[in-house]
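Have a look at the structure below, then the notes.
The values are calculated or read from the model by the stated rules, or taken from the named source; none is laboratory data. Everything numeric in this text was worked out from a predicted model, so none of it was measured. Cβ coordinates were reconstructed from backbone atoms using ideal geometry, including for glycine residues, and neighbour counts include every protein chain displayed. Surface accessibility is based on the protein's heavy atoms, side chains included, excluding ligands, DNA and RNA. Shrake-Rupley method; radii C 1.70, N 1.55, O 1.52, S 1.80 Å.
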Amino acid sequence: MSDEILVVEDDDSIRRLLRISLKTEGYRVSEAKSATVALSLFDANAPSLVLLDLGLPDCDGMEVLSHIRECGSTPVIVVTARTQDDQKVSALDAGADDYVVKPFSMAELFARIRVALRHRAHILRSNDETHVYSIGGLTIDNDTRTVSLDGEPVHLTPYEYGMLMVMVRYRGKALTHRFIQREVWGHDASDGYRTLRVIMASLRRKLGDRPANPRFIATEVGVGYRFIGE
Ligand code: CA
């Protein structure tokens, strides 16, 4: 059976557009205009993914997110307004899988949905660690901890390597600075943000990534980074 997506959105025209587009893509769709309805549909239907508008009439969408996270790892993509950068970061740090900013393109949204569902399938399938990643000219051997780019070896420091592995493991998803820090260091370092930026800049330089036109790691303005290599 196809994946069911719960669309939580109080704007009737956006919700209708989402319903039609998602159904055309082959998803099943359930809809909620409020947090209350969203929570009861989530509990009743156990959807594969939730598309969550954060500005809801009855309560903040963040409360819906926190309920979903208490129940498990169902992917949540939050929909935010362009002006609310802080909201994106808080939602990601509270366990949202990704975000789109209004007005978003359907192509962009579908890509985000596919990534989130693929990660979920991966988590459900196993906890086996892939040993060799090969992504767009980049090869990472997790046994020997060696990296090559277009056939040439790339020498990374342990932190650069750790950061690259985090980015690759969550490829396609927006990762906040805080998330990356915790994954690499296991805690929030006090000057972690600056250290992270320095290491990331060095890693991207070694990967030949130009910030304006990245091949592997893109900056998510106001949020963090996203691995874009396929
Ligand atoms: Ca709204």
(message) For a quick size check, give me the Cα extents of region 128-227 along its three principal axes, largest first, whole Å.
(response) 36, 31, 22
(request) On the protein heavy atoms, probe 1.4 angstrom, tell me the percent of accessible surface of the chain carried by carbon and sulfur. (result) 51
(request) With only alpha-carbon atoms counted, please give the Rg and Dmax of region 4-125, in Å. (result) 13.0, 38
(message) If amide hydrogens are placed 1.01 Å from N in the peptide plane, which non-local residues have theirs closer than 5 Å to the one on VAL78?
(response) LEU52, ASP97, ASP98, TYR99, VAL100
(request) Would you work out the relative contact order for the chain, in percent, from Cα pairs under 8 angstrom that are 6 or more residues apart? (result) 13
(message) Suppose all protein chains stay in the model; what accessible area per residue would a 1.4 Å probe give for the chain, in Å²?
(response) 51
(message) Return the equivalent ellipsoid semi-axes of the chain as a descending list in whole Å, where each equals the square root of 5 times an eigenvalue of the C-alpha gyration tensor.
(response) 33, 19, 16
(request) For region 5-86, run through the trypsin sites (Lys or Arg not before Pro) and keep only the ones in DSSP coil with at most 11 other Cβ atoms within 10 Å of their Cβ. (result) ARG82
(request) Give the Rg (one decimal place) followed by the Dmax (whole number) of region 1-64, computed from C-alpha coordinates and expressed in Å. (result) 11.0, 32
(request) Report, by chain and number, residues whose modeled amide H sits under 5 Å from the one on VAL223, excluding near sequence neighbours (fewer than 5 apart, same chain). (result) none
(message) For a quick check, take a GNM of the chain with Cα springs below 10 Å and name the residue from ASN213, ASN45, ASN142 with the largest mean-square fluctuation.
(response) ASN213
